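The structure under discussion appears below in the form of structure tokens.
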């Protein structure tokens, strides 16, 4: 689960080489790059700070949670991930959240929302430790 662009790129780069996508489904919004991707992709609306957009995004995400019953969620944000972060708890799915490399000194809003809900929370800069004291420091993506 990731927004298109840099968040999605970070998500892909966090996965091990040879990751088996036959057991995974990616939820994102449609972009030129993603629509040409060969992986199993399901498209949902980009809420982009709109309450109506978030309602629609939540509804679509809920439908996919019912359909696929995920055991774990890996996300790198941004706002599009909020419904999945919320639903992971309800569906007893483990959440792995990777805070974006773009944030050096301040946490993201999505990261703040995900931090207390994540089974594993990864930061890419030690400077974020003051906001996320129990996070694991990962490599830069």
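Distance in nm between label sites at residue 25 and residue 130, each 7 Å beyond Cα in the beta-carbon direction?
It works out to 4.2 nm between the two label points.
Taking the beta-carbon count within 10 Å as an exposure proxy, list 69, 109 from fewest neighbours to most.
Working: 69 10, 109 13.
By the 10 Å Cβ count, ascending: 69, 109.
Taking the number of other C-beta atoms within 10 Å as the exposure measure, put 125, 7 in order starting with the fewest.
Details: 125 16, 7 24.
With the sparsest Cβ surroundings first, the list reads 125, 7.
Sort out for me the Cα centre separation of the range 1-19 from the range 83-134, rounded to whole Å.
15
At 222 nm, what value in deg cm²/dmol follows for the chain if DSSP H runs of at least 4 each add -39500 (n - 2.57) and the sum is divided by all its residues, to the nearest 500? Spell out each step's value before the answer.
Details: 5 runs with 47 residues, N = 141.
Here the helix-only value at 222 nm equals -9500 deg cm²/dmol.
Starting from 0 in steps of 10 Å, tell me what percent of the Cα-Cα pairs of the chain lands in each bin.
P(r) over the chain, rounded to whole percents: 12, 45, 36, 7.
Values in this text are rule-based calculations from the coordinates and carry no lab data. A quick note: this is a predicted structure, and the numbers were derived from the prediction, not measured. Every residue, glycine among them, receives a Cβ derived from its backbone with ideal geometry; neighbour counts consider all protein chains shown.
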